[in-house]
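Reviewing the structure listed below.
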Amino acid sequence: LHLSLRRQRQMCIRDRVNMGTYGIAQVCPNGHVPTSAANENAERREKFCRRCGEATITHCPMCDHFIRGRYKTPGVVMVGVTYEPPAFCHNCGNPFPWTERKIASAVELVEVGAELSAEELQQFHSDLVELTKDSPKVQVASFRFKKVMGRVGTTIASGVRDIVVDVLSEAAKKAIWS
């Protein structure tokens, strides 16, 4: 783990209204989460992911700020809430490795399974990046995404959905699958 984990634990972002605290998440580059509170649960930390063997991280590779984990409010017990790692760093705005890997994997699957030109593949990649954000471009990107999914067949389309569903914005999921 990062050497300054104790210092980062003390500096976790506090919400001024609820006085809650974000934990420090530990995530592998594929998006598997050993713990959403590495600063509190030392026994749950994993140097390497037990699901894929990749080294885990607790900080953004671009800016070295901690990865926001679960939000904890003193006196409030959360039941049935599953932590999902963020797609982007809240400090620098860059995508995390799992976001980039899922986009790249979806593009590769479409490339293998469809007859798309290099320009169409590049547009598909750009559209996937937009679909991970909550932006005005989601509607246009989702329209083009659905057109490509119609061309690749149900097996490839299902595979792409399984890969990207965890990193797409809620607006994108609604525009594509509702």
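The values are calculated or read from the model by the stated rules, or taken from the named source; none is laboratory data. Bear in mind the structure is a predicted one, so any value in this text is a computation, not a measurement. Neighbour counts are summed over all protein chains in view; Cβ atoms, including those assigned to glycine, are modelled from backbone coordinates with ideal geometry. With ligands, DNA and RNA removed, areas are computed over all heavy atoms of the protein, side chains included. Shrake-Rupley method; radii C 1.70, N 1.55, O 1.52, S 1.80 Å.
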Next on the checklist: Run the helix sum for the chain: -39,500 (n - 2.57) per DSSP H stretch of 4+ residues, divided by residue count, reported at 222 nm to the nearest 500 deg cm²/dmol.
Outcome noted: -12500 deg cm²/dmol
Checklist entry - Hey, what angle do you get for helix 138-152 against the long axis of the chain, alpha-carbon based, 0 to 90 degrees rounded to 10? => result 60 degrees
Item to check | Folded to 0 to 90 degrees: helix 97-113 orientation relative to the chain principal axis, Cα | outcome: 20 degrees
Checklist entry - Given the pairs 47/133; 133/174; 47/102, which span a C-alpha to C-alpha distance of over 18 angstrom in this model? => result 47/133; 47/102
Item to check | Highest average packing first - 115-123, 21-29, Cβ atoms within 10 Å | outcome: 21-29, 115-123
Item to check | Normalised contact order of region 39-178, rounded percent, pairs of Cα under 8 Å and 6 or more residues apart | outcome: 20 percent
Item to check | Normalised contact order of region 47-126, rounded percent, pairs of Cα under 8 Å and 6 or more residues apart | outcome: 18 percent
Item to check | Accessible area per residue, Å², region 49-178 with all protein chains present, probe 1.4 Å | outcome: 59 Å²
Checklist entry - So for the pair residue 94, residue 81, with labels modelled 7 Å out along Cα→Cβ, what separation do we get in nm? => result 2.9 nm
Item to check | Identified option (computed log10 I(q)/I(0) by the Debye sum over Cα atoms at q = 0.14, 0.16, 0.18 Å⁻¹; candidates (i) -0.90, -1.04, -1.15; (ii) -0.75, -0.96, -1.17; (iii) -0.82, -0.99, -1.14) | outcome: (iii)
Checklist entry - Counting only protein heavy atoms, what percent of the accessible surface of the chain is carbon or sulfur at a 1.4 Å probe? => result 50 percent
